[in-house]
Amino acid sequence: MAGTLYIVSTPIGNKDDITIRALKILREVDFIVCEEFKAARRLLSDYEIEKELYSVNEHNEKENSPEIINLIHNGKNAALISDCGTPLFSDPGHYLLDLAISYKIKIVIIPGVNSLIPAITGSNLHIEKFYFYGWLSPKKDERRKEYLSLKRINDIIVLMETPYRLQKMLEEVESFFGKFQPVVLAYRLTEKDENIYRGPVHEISEIVKKRKMKGEFVLIIDNRTRHG
């Protein structure tokens, strides 16, 4: 009988945010599929869990996934985790999941922490719907096209980016949307120095520049009222 593939959410910063159910699954499965070994070992050591690890990331997913699926198909239970947060949400693992579905392997979602909902909740914007765009292209010309397209969307827009590009992204938003464009910056959520900054993008950009801020973040653009 085939085993089960569990999709397990893990903390995005504060290790106390892991759920009781997630810990139970991580302790019970036969092995864990992770993005990077170093991050996974650090996470699991916090909860005194030792498991055999298999890596699935952007460089090796197609190469490693068949072996993992074969193990599950032959009765092993596995948990898929990302470096932090909810797996498959802007993370590798989709090819692995495609194979699992094609082999009719049982898939169970273990919900938990992500950065999107806390950022939306803490924004204090009255949100019934929003436009999640996620990660912009790193290519300059493509990125410019994306910004021009986003500017036409009369809605709340949610963007994500790597920590070292925080200042650059704020400058880009100011350039394309205007200096008085209202934004919300959810910075290092669940960490001790977490903060949510609300205001015109040029003011938030100055704060980030002055404090030399560099950390995980979610940027929310309130484009329901145009300021460009």
_Quick check on my filter: what residues within region 195-228 are surrounded by fewer than 17 Cβ atoms within 10 Å (Cβ to Cβ) and in a loop (DSSP other than H, G, I, E, B)?_
LYS212, LYS214, GLY215, ARG224, THR225, ARG226, HIS227, GLY228
*Can you name the number of the only condition in (1) out of contact with any helix residue (DSSP H, G or I) (no Cβ under 6 Å at 6 or more places or on another chain); (2) closer than 21 Å to GLY112 by Cβ; (3) part of a helix (DSSP H, G or I) that PRO87 fails?*
(3)
*Please work out which one of (1) of a type outside the set (Phe, Trp, Tyr); (2) in a loop (DSSP other than H, G, I, E, B); (3) without any contact (Cβ under 8 Å) to a residue 60 or more places away in the chain is the condition GLU191 fails and give its number.*
(3)
*Could you identify the single residue in HIS94, HIS126 that is surrounded by fewer than 14 Cβ atoms within 10 Å (Cβ to Cβ), without any contact (Cβ under 8 Å) to a residue 60 or more places away in the chain and closer than 17 Å to GLU63 by Cα?*
HIS94
*For region 172-179, indicate whether the set of residues that are closer than 19 Å to PRO118 by Cβ and of a type in the set (Ser, Thr, Tyr) is non-empty.*
no
*asked:* Return the pair list, or none, for Cβ contacts closer than 6 Å from residues in region 104-121 that are within 13 Å of CYS84 (Cβ to Cβ) to residues that are in a helix (DSSP H, G or I), at least 6 apart or on different chains.
replied: GLY112/ALA22; VAL113/ASP17
*asked:* Checking ILE105 against (1) more than 15 Å from ALA40 (Cβ to Cβ); (2) surrounded by 18 or more Cβ atoms within 10 Å (Cβ to Cβ); (3) more than 17 Å from the chain's Cα centre (by Cα): exactly one of these is not met. Which one?
replied: (2)
_Members of region 43-77 that are among the charged types (D, E, K, R) and either surrounded by 14 or more Cβ atoms within 10 Å (Cβ to Cβ) or more than 22 Å from the chain's Cα centre (by Cα) (or both)_ = GLU48, GLU50, LYS51, GLU52, GLU61, GLU63, GLU67, LYS76
*asked:* Criterion first (at pLDDT 95 or above, in contact with a Leu (Cβ under 8 Å, 6 or more places away or on another chain) and not hydroxyl-bearing (Ser, Thr, Tyr)) does ILE25 satisfy it?
replied: no
*From ALA119, ALA40, ALA100, which residue is more than 30 Å from LEU185 (Cβ to Cβ) and surrounded by 21 or more Cβ atoms within 10 Å (Cβ to Cβ)?*
ALA100
_Of everything in region 161-170, what is crowded, with 19+ Cβ neighbours inside 10 Å and either of a type in the set (Asp, Glu) or modelled with pLDDT under 95 (or both)? Give them in sequence order._
GLU161
_Tally, over region 103-127, of residues that are in contact with a helix residue (DSSP H, G or I) (Cβ under 7 Å, 6 or more places away or on another chain) and among the hydrophobic types (A, V, I, L, M, F, W, C)_ = 5
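The values are calculated or read from the model by the stated rules, or taken from the named source; none is laboratory data. No experiment lies behind these values; they were computed from the predicted model shown. Here the Cβ is made from the backbone with ideal geometry for all residues, glycine too, and neighbour counts use every protein chain on show.
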